[in-house]
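Each reported figure results from applying straightforward, stated rules to the coordinates on display, with no laboratory input. In this text, all values refer to a predicted model and were calculated from it rather than measured experimentally. As a convention, Cβ positions derive from the backbone with ideal geometry for all residues, glycine included, and neighbour counts pool all protein chains shown.
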Amino acid sequence: MSGRRPARSLPTDEPAVGLVVAAHRRHYTVALDDGRSLDCILKGRALTLACGDRVHVAQGPLGATIVAIEPRTSLLYRSDAFKEKLVAANVTQVIGVVAPDVPVDEHLLNRWIIAAETEHCRFVLALNKSDLPDATRFAARFGRYRELGYPVVSVAATRDVEPLYPWISRERSVLIGQSGMGKSTLINALVPGAAARIGALSEALRSGRHTTTSAALYRLPAPGGWLVDSPGMKVFGLAHCTPEALARGFVELRDLIADCRFRDCRHDREPGCAVQAAVHEGRVARQRVELLQSLLAEAATARAPSATPTRARRRDSVSETD
Ligand SMILES: Nc1nc2c(ncn2[C@@H]2O[C@H](COP(=O)(O)OP(=O)(O)OP(=O)(O)O)[C@@H](O)[C@H]2O)c(=O)[nH]1
Ligand SMILES: [Mg+2]
Ligand SMILES: [Zn+2]
């Protein structure tokens with residue numbers, strides 16, 4: 001993002017191709033393949049973009065306008081019955097960031113994992129602020145994610161981010177997490193020249209705190225690699241996921257679910273439920289199964305006729321007002 005000469009208009013009428021590097025509501029910054037950076041608008045409400053989207057830009061009457069979007073390999077987004085919030089497009093990896101000095105909402109963490117699995121992205125859990133005194137005890141809490149097969153990486157954004165390098169260098173990643181976990185501080189440590197604004201939690205009532213308000217993409221030195229910084233999120237609705245997709249997001253339950261007697265088993269009290277049998281035998285964590293049940297119930301409510309909006313769900317880029 002940084003170091004580019006901002007240009008407000010294109011010299012020719014030829015559409016130019018580039019990468020969305022900043023998204024705030026319907027305004028986007030596009031890094032063109034020729035090296036220039038352009039502030040763009042998007043006409044109409046049918047389309048919404050996210051950082052990571054490849055777009056075509058043309059000069060319109062209102063300035064540089066995004067006229068086309070290239071097909072996406074992935075789209076990380078969250079949704080409830082009424083709206084969708086795009087987080088990042090074309091990512092290969094989702095990095096969840098947690099830290100010992102902010103209460104971690106583990107249900108939220110599991111939702112990021114499901115969102116990543118649904119889009120066939122790798123999920124990595126970064127335990128940040130490993131310099132804090134209770135970091136070892138904190139890390140012990142997350143051993144079960146490693147057991148599920150997810151890399152768990154301890155780092156300190158303010159001291160040593162080296163453990164993350166092997167995971168990010170050639171990937172297209174998005175950092176996701178609750179506010180104050182240190183996502184922007186990690187970006188500044190990982191990306192040469194990045195100047196993401198960070199917030200100090202110690203300030204009284206958080207006034208004047210530089211919380212991230214919209215997503216931004218930072219290129220990495222290795223060709224094709226980049227990182228997206230996203231605003232802290234308190235909720236991550238998965239209303240767009242089918243019951244099957246939600247269940248597939250639980251890696252340890254995939255094979256079990258195939259053995260349930262009923263195809264539409266809710267894994268609650270149904271006879272012949274292989275998931276409940278595994279819970280009773282201590283082979284899978286009850287907490288994860290409870291989360292799956294609550295997600296299935298939530299998805300059913302979002303799909304219920306009374307909850308269905310008369311218009312299609314509104315689509316937006318993530319921002320501070322979420
Ligand atoms: N001790 C310590 N503090 C850190 C570390 N990383 C970040 N911080 C501090 O944590 C606070 C929040 O950091 P940010 O990078 O703004 O957090 P964020 O996740 O981007 O927050 P939002 O933008 O609100 O989502 C700041 O005061 C940072 O200095 C770390 O590794 N160790
Ligand atoms: Mg931030
Ligand atoms: Zn079942």
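Sorting Trp167, Trp226 by the number of Cβ atoms found within 10 Å of their own Cβ, with the fewest placed first, yields Trp167, Trp226. Site pair Ile41 and Thr301 shows an inter-label distance of 3.9 nm when each label is modelled 7 Å from Cα along Cα→Cβ. The fewest-to-most ranking of Lys234, Lys129 by surrounding Cβ atoms within 10 Å reads Lys234, Lys129. Sorted fewest first by neighbouring Cβ atoms within 10 angstrom, His267, His280, His240 come out as His280, His240, His267. Taking the chain, the Cys residues with no second Cys beta-carbon under 4.7 angstrom are Cys40, Cys51, Cys121, Cys241, Cys273. Please state the shape class of region 75-229: rounded when a/c is under 1.5, otherwise prolate if a/b exceeds b/c and oblate if not, all from the C-alpha gyration tensor. Cα axes put region 75-229 in the rounded bin. Maximal additional length on extending the His280-His56 stretch stands at 75.2 nm, based on 0.36 nm per residue less the C-alpha distance.
Taking a ≥ b ≥ c as the square roots of the Cα gyration tensor eigenvalues, with a/c under 1.5 meaning rounded and otherwise prolate when a/b beats b/c, else oblate, which class fits the chain? Oblate is the answer for the chain, as a/c is 1.5 or above yet b/c matches or exceeds a/b.
The Kirkwood hydrodynamic radius of region 6-69, based on inverse pair distances between different Cα atoms, is 11.3 Å.
If R0 is 35 Å, the Cβ-Cβ spacing of Ala195 and Arg137 corresponds to a FRET efficiency of close to 0.55.
By the Stokes-Einstein formula, at 1.306 mPa s and 10 °C, region 243-304 with its Kirkwood radius over alpha-carbon pairs has D equal to 137 µm²/s. Excluding same-chain neighbours fewer than eight residues apart, the lysines reachable from Lys85 by a Cα-Cα span under 17 Å are Lys234.
In the chain, the DSSP beta bridges split such that about 55 percent are antiparallel, to the nearest 5. In this label model, Arg254 and Arg159 are separated by 3.7 nm, measuring between points 7 Å along each Cα→Cβ vector.
Between His120 and Ala81, the simple label model (points 7 Å from Cα in the Cβ direction) yields a spacing of 3.3 nm.
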